[in-house]
Amino acid sequence: MQINTMETIETLGTISFAISGTFAAMQRRLDPFGVLIIAFVTSIGGGTVRDLLIGDTPVAWMRDVNYCLLILLTSIATIFFKTHIKKFKVTLFLFDSLGLGLFTMLGIQKGMMFGLSPGICVALGTITGCFGGVIRDTLLNTIPLIFHKEVYATACILGGILYYALKYFHLKDDIATIAVISFIFILRIIVVRYKLALPKFVY
Amino acid sequence: MQINTMETIETLGTISFAISGTFAAMQRRLDPFGVLIIAFVTSIGGGTVRDLLIGDTPVAWMRDVNYCLLILLTSIATIFFKTHIKKFKVTLFLFDSLGLGLFTMLGIQKGMMFGLSPGICVALGTITGCFGGVIRDTLLNTIPLIFHKEVYATACILGGILYYALKYFHLKDDIATIAVISFIFILRIIVVRYKLALPKFVY
Amino acid sequence: MQINTMETIETLGTISFAISGTFAAMQRRLDPFGVLIIAFVTSIGGGTVRDLLIGDTPVAWMRDVNYCLLILLTSIATIFFKTHIKKFKVTLFLFDSLGLGLFTMLGIQKGMMFGLSPGICVALGTITGCFGGVIRDTLLNTIPLIFHKEVYATACILGGILYYALKYFHLKDDIATIAVISFIFILRIIVVRYKLALPKFVY
């Protein structure tokens, strides 16, 4: 049952990231192919970088063509129904935050499957959650959003640390997983709602 | 014989991409090392990303030093004879388009060798043909050309779909391969000649 | 003994690159997480690209968590003591140049371990030394420094050629290694001291 839940939320996360990538690309006036590529990269970028770094190739999306179809259909639907979807901005943000939490947990668990140490697993979780957006912003020629706005990646790192803290107190893996996803989800909502941000440095 | 033909066109494609990379880098006033790196990246970027994603490492250019020598010599020759080569702009464009077609087919066939599904193989073909240019433009700090001009990657995708359509009708692989390369080659010429472009979206 | 010396200098190189990454990120007014990521990427980027290309995964920093801790502590220390460290600009530059020399040699030796040809090994050495900076600059949305300023990568390439020249004359590996590191170190100091640069091209 846990696996089914995870797959459901992963699907929702993939859809949300595809939608956010489509919007970002349309904002930069790319042609339809560019929009599809950016939607694709935003959705699978994080997992791809994770799989490359640990050497689990062919990378995940190459082994399951359904992923690609899902992103393709989501992106096309977003292009055609954009006025309609814009009204659901809040729904979108919620899905995106859910996806962030789940992708972070997927990354951590994949790292553990490969026998990597906790610090590395947290890094893998953060990469899985955030690097789709990093590659998207790099291709669109802007400084990646997560480097200067919102406490995006920080939420992943804190979530990862929380996971190991809960494991340390012998919590069941299912409960710890759900707790971490909820934590990242809620933390991000609080941060965006109250416009919180980490302080910046001037050199 | 087919293999020899492919190798010949691949060599020509590599040379064309090296020349186009050299020109792009000189336009941005890079120093000679920068020019060589950009020429190199443009030529081998697509195949490298493809090999990384399917886990076929060490990547192709590391196993055959002749590739590197070819790019090095082409780039140096371009630097010294740039005035002369500029006159052959049309020849260059033709080679570049030929290379695009062939690299796309190479990517598709490599994907099939690894037992990947058709949709993924078309994606691999597109990556092999286009990502050298994407990395070049990202390093040169511009939005990759293929995201907002010319129907470049779209030609690869349509070519890939054509390949599987021809296979579906039991065409011999040799003939299908040549048909697809010709299709991409001619499509690109028509698009550039008549200044066609995909419509853009505004968000 | 040679291994211990190498490890010592590698540690110093890692520290220097972490410091230089931290400074670069603070200059662009990133938040603390962004600063840490850029410091991390600058330090381990070159080795990561090298390991990905030759297929030695999980990549090096995933197998030794001490690397990550070292970078984390260095970056945090740099943030807190930035005024103090700025005074040691020359010391920093020297460490950075030392690191460049050593990382180049590490890359060459890893390539040799994998049985790659000399030209490819020199390329791997250059990648190990320079690509951390390339990724840093790409993420910070500038044309990578090494493409248009200083004879940075050129020093790595010349050092790599020198290494094979010394091997050709049957020098002991230890001595050749130290000679190459010193060569890159001194060449870079001379170039920066006398503001030398490769000539640029205009297209």
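The values are calculated or read from the model by the stated rules, or taken from the named source; none is laboratory data. Since we're looking at a predicted model, the values are computed, not measured. Reconstructed Cβ throughout: ideal geometry from the backbone, glycine too, with neighbour counts over all protein chains shown. Calculation scope for accessible area: heavy atoms of the full protein, side chains included, ligands and nucleic acids excluded. Shrake-Rupley method; radii C 1.70, N 1.55, O 1.52, S 1.80 Å.
Under the classification rounded if a/c is under 1.5, otherwise prolate if a/b is larger than b/c and oblate if not, where does region C:2-193 fall, given a ≥ b ≥ c as square roots of the Cα gyration tensor eigenvalues?
Judged from the Cα gyration tensor, region C:2-193 comes out prolate (a/c at least 1.5, a/b above b/c).
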Across all Cα atoms of region A:25-75, Rg and the largest Cα-Cα distance (Dmax), in Å, are 12.1, 35
About the Cα centre, and with charges only on the beta carbon of Lys, Arg (+1) and Asp, Glu (-1), how big is the dipole of region C:2-193? Nearest 20 debye, please. 600
Hey, if we sort B:MET105, A:MET113 by accessible area with the 1.4 Å probe, largest down, what's the order? A:MET113, B:MET105
Using a 1.4 angstrom probe on heavy atoms only, work out the carbon and sulfur share of the accessible area of region A:2-193 in %. 71
1/(1 + (r/R0)^6) with r = Cβ-Cβ of B:LYS195 and C:LYS195, R0 = 41 Å, i.e. FRET efficiency to nearest 0.05, evaluates to 0.35
For region B:2-193, what does the accessible surface come to per residue with a 1.4 Å probe? Please give it in Å². 41
In the B-C interface, the accessible area buried, summed over both sides, Å² (probe 1.4 Å): 2700
Provide B:PHE80, B:PHE95, C:PHE81 ordered by accessible surface of protein heavy atoms (probe 1.4 Å), highest first. B:PHE80, C:PHE81, B:PHE95
So which of A:LYS110/A:LYS172; C:LYS172/C:LYS195; A:LYS110/B:LYS110; A:LYS82/A:LYS195; A:LYS167/A:LYS195 end up more than 22 Å apart, counting from Cα to Cα? C:LYS172/C:LYS195; A:LYS110/B:LYS110; A:LYS82/A:LYS195; A:LYS167/A:LYS195
Selection from A:LEU102, A:VAL151, A:GLY132 lying farthest towards where the dipole of region A:2-193 points positive, charges on Cβ: A:VAL151
Heavy atoms of A:THR8: accessible area, 1.4 Å probe, square angstrom to 10: 80
What accessible surface, in Å², does a 1.4 Å probe find on C:PHE169, ignoring ligands, DNA and RNA and rounding to the nearest 10? 150
Please list B:LEU102, C:LEU158 in order of solvent-accessible area, largest first, computed with a 1.4 Å probe with all protein chains present. C:LEU158, B:LEU102
